[in-house]
Amino acid sequence: MSRKIVISVSGKGGTGKTTLTSLLLKWIIKNTDEVALVVDADPATNLPDVLGVELDRTVGQVSKDMKDQIERGDLSPTTPKQDLLEAWVFQTLMESDRFDLLAMGRSEGEGCYCYVNNVLTRILDTLTKNYSISLLDMEAGIEHLSRRTDRDVDVMLVVTDPSKMGFETSKRIKELIEEVHIGVKKTYLVGNRFPPQLLDVLEKAADDIGFELAGNIPEDANVQSFNMTGKPLLDIPDDSPSYRAIAEIAKKIGLENLV
Amino acid sequence: MSMFEDIPVDVGIIYEGERIRGRDMQFELGGPREEYKFELVQAKDLDEIEDGKIEIIGKDISELEAGKNTPFGMIIYVAGEEMEKDLEGVVERRLHEYVNFIEGFMHLNQRYDVQMRLSKKSFEKGFNSFKLFAEVLMRLYRSEMSFIEKIQITFITEPKLVEEWFGKAMEIYEERDARARGMSDDEVDVFYGCSLCQSFAPTHLCVITPQRYANCGAISWFDGRASAKVDPKGPVFEIPTGDLIDSVTGEYAGVNQVIKEKSLGEIERVQLYTAFGYPHTSCGCFEGCLFYIPEMDGYGVVHRNFKGETVNGLNFVTISDLTAGGRQVDGFHGLSIEYMRSPKFMQADGGWDRVVWIPVDIKERIKSFMPPEIVDKIATDEDVTDLDGLRAFLQEQDHPIVSRWTAAPKEEPGEIAVPTLELPASAFPIQGVPAGMGFRIILKNAKIRAEKMIIKADKG
């Protein structure tokens, strides 16, 4: 696989972004030889648990460290902060066998993060270029879009559950993408837990919003029991209904052609 | 690059940004798991070094245990007629780029925090000795920094020696930082501008100089230089200082020109070290805010984390709202705490002699940088809570501001909150007021109606 692909997963809170991200990662691990970069951009930082990995620190924490040291005047006056932060962010990267995980965490603390965030964007761009596949689990809602953290995204998957709010958020995301001119190459709607009798509603919603529908992840007892017992979703049986749906989605969004 | 034909791996800018995963590395030099590591450039006299000499003390690349990290030190000696001690840091910073140019070699951080990794792949291709590493670095230095006439490199992996040298290196870094802290705005011909905050303060531009950090406190002149180098057209860019118009107020022709351009004509002049006349504009996310206290004819500074009320009964938000948004407001401006450590701090207005109140939190952070004789004379939130208390405190401590009160007798404090302001004459050019003379405008229960009002800048 020669070209690089960046996939971003967004949608209203609680619609299943983390589930979709985890299952897609499982698909990538099973079907490619690539080491994927997974970015948990949700301040709640649930992804490490769902993937069954332990994380020392988040990017938010090291940014806070930097802010604190700036305030105390602890940093060497001649050391460019961008170089320091680059090293610190790299140190938060959690390596596992088949994927690397970076958690953004919360940008805690008061004061101005303009500069730190600006530098971070560049650092993340550089990091992403090292991976053939990057998978971004975005924070809930639409805030990340106006901050343009999704720039240079090839595929954006917008997840919705069977709720009016899920649709509304998806619609708002569509509008914002157009408003702020983010360079998203292709956007899809993904349904989560739509029962068969509501699939036509999902299709219609996708049409109305103007998204192509990538598929629906059906209700799956395995997902529920894995989440309940805290077992990593990556270990879910291959014949689970949700994972079978992921294979279809991967095909639909062209991931299959890339590997 | 033909220059590196005899090197078993490729060398070039395309490898910058390459990250080596722990699982793919042959070894790690330094890094967070090692206590002792450093990279150091030392300027020497021409006769002190042997050009091209490479020394390896301890294990070479091929002998280092695979998959492990190791203590590491690297000393680069350079000499040349034009080589100066002050250039050591500049030469050292190039290592970050140069090492990253090598295929399969990652360089992160710097100085005593350096972290380098070599990939298994590059090792297997034959990059198996520090000699090759040194060759690449020497060639890059010679081709890009013409003032380097001789270069010699020592690598140390012998743990005891790394530790020994680490101590020496730390002292050298500290000396270098002390020199950098003493660097003055007058020594450079380039400042940096930062327009990151223009998204919410469209007429604001931070001017970053060696002695005036960006208002957010995050961007030093050195950061500006590093950012502008990576992304010259980005939000942090060079400002050639141009002619120095006034060294006391800190006004530069080059700065004025850029400010005018970047604020779309809204702001025409900026004087860096004053709160009156043409103060630096304020973004919205400054670390602290300076505010004029008319009753004292002095200044207070309040920072963002200060939760209480200032001595004149305001809070940070109220004070910062008076100036935020890219405005130029007499007597108020956002600032970084670091700027308070600068000898240029409020230079045009009398510097520390005009500061009468700061939160104890700020005082603790900066007191070693304040003129020692003023430290105890400036009140904090722990000393006083209101203006009467402040006045008594200042008198008791014999704060220099007190002599200003007696020099220019003022009304008893009360509802009149406008004492004599020593405004630069250029701030309010009113005909008939001789240049340099102070004047006073008092408006009481005023209602002003005007068909037209013209305020002109003093072209003189």
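Looking across region B:225-253, just one residue is assigned to a helix (DSSP H, G or I) and away from chain A (no Cβ under 13 Å), and that is B:Ala253.
A single member of A:Asp97, A:Asp74 is part of a loop (DSSP other than H, G, I, E, B), surrounded by fewer than 21 Cβ atoms within 10 Å (Cβ to Cβ) and facing chain B (nearest Cβ under 9 Å), and it is A:Asp97. Return a yes/no flag: does region B:259-266 have any residue that is in contact with a helix residue (DSSP H, G or I) (Cβ under 9 Å, 6 or more places away or on another chain) and within 14 Å of chain A (Cβ to nearest Cβ). No, region B:259-266 has no match at all.
In a residue-by-residue description of region B:168-189, the property of being among the aromatic types (Phe, Trp, Tyr) and surrounded by fewer than 16 Cβ atoms within 10 Å (Cβ to Cβ) applies to no position. Residues in region A:166-190 that are more than 26 Å from A:Lys129 (Cβ to Cβ) and in contact with a Lys or Arg (Cβ under 6 Å, 6 or more places away or on another chain): A:Gly166, A:Thr169. When B:Phe222 is tested against (1) part of a loop (DSSP other than H, G, I, E, B); (2) within 10 Å of another protein chain (Cβ to nearest Cβ), only condition (1) is not met. Of all residues in region B:247-263, those that are buried (at least 16 other Cβ atoms within 10 Å of the Cβ) have Cβ atoms under 8 Å from Cβ atoms of residues that are in a helix (DSSP H, G or I) and not small (Gly, Ala, Ser), 6 or more apart or on another chain, in B:Thr249/B:Gln347; B:Gly250/B:Asp185; B:Gly250/B:Gln347; B:Lys262/B:Gln198.
Do the conditions hold for B:Val91, that is, is it within 27 Å of the chain's Cα centre (by Cα), surrounded by 17 or more Cβ atoms within 10 Å (Cβ to Cβ), in a strand (DSSP E or B) and within 14 Å of chain A (Cβ to nearest Cβ)? Criteria not met by B:Val91.
The residues of region B:94-116 that are part of a strand (DSSP E or B) and at the interface with chain A (Cβ under 10 Å from one of its Cβ atoms), listed by number, are B:Met106, B:His107, B:Leu108, B:Gln115. Look through region B:23-36, keep the residues that are among the charged types (D, E, K, R) and not in a strand (DSSP E or B), and return whichever of them is farthest from the other protein chains (Cβ to nearest Cβ). So the residue we want is B:Glu35. Of all residues in region B:304-321, none are under 19 Å from the mean Cα position of the chain (by Cα), touching a residue at least 24 places away in the same chain (Cβ under 8 Å) and away from every other protein chain (no Cβ under 14 Å). Just one of the listed residues (A:Val159, A:Val153) is at pLDDT 90 or above, touching a Lys or Arg at 6+ places or on another chain (Cβ under 8 Å) and more than 11 Å from chain B (Cβ to nearest Cβ), and it is A:Val159.
Reported count of residues in region B:198-210, each being in a helix (DSSP H, G or I) and either of a type in the set (Ser, Thr, Tyr) or under 17 Å from B:Glu338 (Cβ atoms) (or both), is 1.
For region B:199-219, residues that are polar (S, T, N, Q) and facing chain A (nearest Cβ under 10 Å) total 2.
Taking region B:267-296 as the search range and keeping residues that are within 24 Å of B:Leu387 (Cα to Cα) and small (Gly, Ala, Ser), which one is nearest to the other protein chains (Cβ to nearest Cβ)? Step by step, filter region B:267-296, then rank; the result is B:Gly288. For region A:110-122, the count of residues that are under 25 Å from B:Phe200 (Cβ atoms), more than 11 Å from chain B (Cβ to nearest Cβ) and under 22 Å from the mean Cα position of the chain (by Cα) is nonzero. All of (1) within 14 Å of A:Lys81 (Cβ to Cβ); (2) in contact with a His (Cβ under 6 Å, 6 or more places away or on another chain) hold for B:Cys197 with one exception: (1). Taken residue by residue, region B:176-184 has no member that is away from every other protein chain (no Cβ under 14 Å) and of a type outside the set (S, T, N, Q).
Hey, does region B:388-397 have a residue that's in the same structural domain as B:Gly351 (by TED's automatic domain parsing), among the basic types (Lys, Arg), touching a residue at least 12 places away in the same chain (Cβ under 8 Å) and closer than 19 Å to B:Asp349 by Cβ? Checked region B:388-397: no residue is in the same structural domain as B:Gly351 (by TED's automatic domain parsing), among the basic types (Lys, Arg), touching a residue at least 12 places away in the same chain (Cβ under 8 Å) and closer than 19 Å to B:Asp349 by Cβ.
If the condition is being of a type outside the set (Val, Ile, Thr) and either surrounded by 18 or more Cβ atoms within 10 Å (Cβ to Cβ) or without any contact (Cβ under 8 Å) to a residue 24 or more places away in the chain (or both), then region B:328-340 contributes B:Gln328, B:Gly331, B:Phe332, B:His333, B:Gly334, B:Leu335, B:Ser336, B:Glu338, B:Tyr339, B:Met340. Filtering region B:9-22 to residues that are farther than 21 Å from A:Leu124 by Cβ and either surrounded by 15 or more Cβ atoms within 10 Å (Cβ to Cβ) or within 13 Å of chain A (Cβ to nearest Cβ) (or both) leaves B:Val9, B:Asp10, B:Val11. When the test is whether a residue is away from every other protein chain (no Cβ under 14 Å), surrounded by 19 or more Cβ atoms within 10 Å (Cβ to Cβ) and over 30 Å from A:Ser132 (Cβ atoms), B:Gly52 does not pass it.
Among the conditions (1) within 30 Å of B:Ala226 (Cα to Cα); (2) surrounded by fewer than 23 Cβ atoms within 10 Å (Cβ to Cβ); (3) modelled with pLDDT under 80, A:Cys112 misses just one, which is (2). Condition check for B:Gly389 on (1) surrounded by 20 or more Cβ atoms within 10 Å (Cβ to Cβ); (2) closer than 15 Å to B:Glu295 by Cα: one failure, at (1). Is it true that B:Glu187 is among the acidic types (Asp, Glu) and within 30 Å of B:Leu390 (Cα to Cα)? No, not satisfied.
The values are calculated or read from the model by the stated rules, or taken from the named source; none is laboratory data. All values derive from a computational prediction rather than experimental measurement. Cβ: placed from backbone, ideal geometry, glycine included. Neighbour counts: every protein chain shown.
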